[in-house]
Amino acid sequence: MIDPNICLRLRYKRGCGICEKVCPANAINFNDTEKILNLTVDAVIVATGYKFIDPRLPELSIYGYGKYPEVYTNIEFERILDARGPTGGALIKKDGSHPERIVFIQCVGSRHYKINPYCSAYCCMASIKQAILAKEHEPRVDVTILYMDIRAYGKGFQDFYNRAKNEYGIRFIKGRTTGIIEDLSKKKLIVKYEDVLRGTIETMETDMVVLALGIVPNIPSFLNKLGIVRNGRVIIRSEDPISTYVDGIFVIGAALNPTDIPDAVLQGSAAAARVTEYVLRRKTPFKVMRS
């Protein structure tokens, strides 16, 4: 599916069309239009995904996103590291120079009493991965991760965290960011934070700041008509992590709660099995076996 808000040809009416030329299945059709289909089904799996928390929210203004050019979201930083991205994979600032230090700030919008009180699950490992990639691109760059808690709960996650510290020399500081300002004379960002373990207020100069944005379930308005949403959240049965209180409707992935890719894949497989069971049970009458 082509996102018209991102596609150069659809959004800016430019004659790009590269994807149409390279698509091996010839599946690109820029002249296609949206269609509304009416389908009769036996079951529904809701997998509408997530949305990122907006870093421009007033409650997040301390991070300076949109104000300071070298403050990036984690998705923007991912694009910088991508060989197909705007810099061709070169780890450079907007002025073309290479950063000497990068600071990752965790839980931006997550575990926040005014925005999202819960953990967004994916951020710790995603930031560690990006920090390692940054070191592989520029071995001399100093990388620091400011975190609330490192939640390395999945298989191999703890080893990945240890590797980042011991093999790549990435620093982890348990700290809460209290503000970011720009020192124009030095062309540096100044990160002010509370070092939780020391109980002190510290400052750190850096060239780039990467914000690990929290996520929220993407709840389209039509889901309200299904009767599975209360107070902006999908409600599930306590005894079954993917079944809702509406018969035949299941929900998986980040539409239910923040999750990472492996867990979302597992939930997808579980939902497919559960739907198969549900449909067969409806269409196949039970027989009482007598001995």
Practice task
Once you have the Cα-Cα distance between Ala83 and Ile36, take 0.36 nm times their residue separation minus that, and quote the gain in nm to one decimal.
Solution key: 13.2 nm
Practice task
Name the aspartates and glutamates eligible as straight-distance cross-link partners of Lys51: C-alpha to C-alpha under 16 Å, and not fewer than 8 places from it in the same chain.
Solution key: Asp3, Glu76, Asp260
Exercise for the section: Collect residues whose amide H, placed 1.01 Å from N in the peptide plane, falls under 5 Å from the amide H of Ile45; neighbours closer than 5 in sequence don't count. Expected result: Phe250
Problem - Where GluC sites (Glu not before Pro) in DSSP loops with at most 10 other Cβ within 10 Å are excluded, longest remaining stretch of the chain - result: 35-166
Exercise for the section: Kindly flag which residue pairs out of Lys165/Lys186; Lys155/Lys283; Lys13/Lys114 have an alpha-carbon separation exceeding 31 Å in this structure. Expected result: Lys155/Lys283; Lys13/Lys114
Completion exercise
The percentage of Cα-Cα pairs in region 137-222 separated by more than 21 Å is 46 percent
Exercise for the section: Please find, in a Gaussian network model of the chain (springs between Cα atoms separated by less than 10 Å), the residue of Pro217, Pro86, Pro55 whose mean-square fluctuation is greatest. Expected result: Pro86
Practice task
May I ask you to evaluate 6.51 cos²θ - 1.76 cosθ + 1.60, the Karplus curve with θ = phi - 60°, for each residue of region 87-98 and list the ³J(HN,Hα) values in order in whole Hz, giving x for glycine and proline?
Solution key: 9, x, x, 7, 7, 9, 7, 5, 8, x, 8, 8
Problem - Part-to-part distance (alpha-carbon centres) for region 1-69 and region 136-155, which is given in Å - result: 29 Å
Handout entry: Candidates Pro258, Pro24, Pro69, ranked by Gaussian network fluctuation over the chain, Cα under 10 Å, top entry
Key = Pro24
Practice task
Convert each backbone phi in region 77-86 into a coupling constant with the Karplus relation 6.51 cos²θ - 1.76 cosθ + 1.60 (shift: θ = phi - 60°), then list the ³J(HN,Hα) values in order as whole Hz, x for Gly and Pro.
Solution key: 5, 4, 5, 4, 6, 6, 4, 9, x, x
Handout entry: Per-residue [θ]222 nm for the chain (sum of -39500 (n - 2.57) over DSSP H runs n ≥ 4, rounded to 500)
Key = -7000 deg cm²/dmol
Fill in the blank from the handout: Lys and Arg at +1, Asp and Glu at -1: neighbours of Gly109 with Cβ under 12 Å from its Cβ sum to +2
Practice task
Using the structure shown, list the pairs from Lys135/Lys192; Lys67/Lys93; Lys67/Lys188 with a Cα-Cα distance above 19 Å, or answer none.
Solution key: Lys135/Lys192
Exercise for the section: Return the single residue from Thr177, Thr40, Thr48 with maximal mean-square fluctuation; model: Gaussian network over the chain, springs between Cα atoms under 10 Å. Expected result: Thr40
Exercise for the section: Grab the other residues whose beta carbon is less than 13 angstrom from that of Glu59, score K and R as +1, D and E as -1, and report the net. Expected result: +2
Handout entry: 19 Å cut-off, amide nitrogen to a point 7 angstrom out along Lys94 Cα→Cβ, residues in region 170-196
Key = 180-191
Handout entry: On Cα atoms only, tilt of 157-166 relative to the major axis of the chain in degrees
Key = 10 degrees
Completion exercise
Given backbone amide H placed at 1.01 Å from N, residues whose amide H is under 5 Å from that of Lys188, ignoring those fewer than 5 places away on the same chain, are Asp183
Problem - For region 174-187, 3J(HN,Hα) per residue [Karplus equation, 6.51 cos²θ - 1.76 cosθ + 1.60, θ = phi - 60°, Hz, x = Gly/Pro] - result: 6, x, 10, 6, 10, x, 9, 10, 10, 9, 5, 5, 9, 6
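Since every read-out is calculated from the coordinates, none of them should be taken as a lab result. Fair warning: this is a prediction, and the values are worked out from it, not measured in the lab. Neighbour counts run over all protein chains shown; Cβ positions are idealised from the backbone, glycine included.
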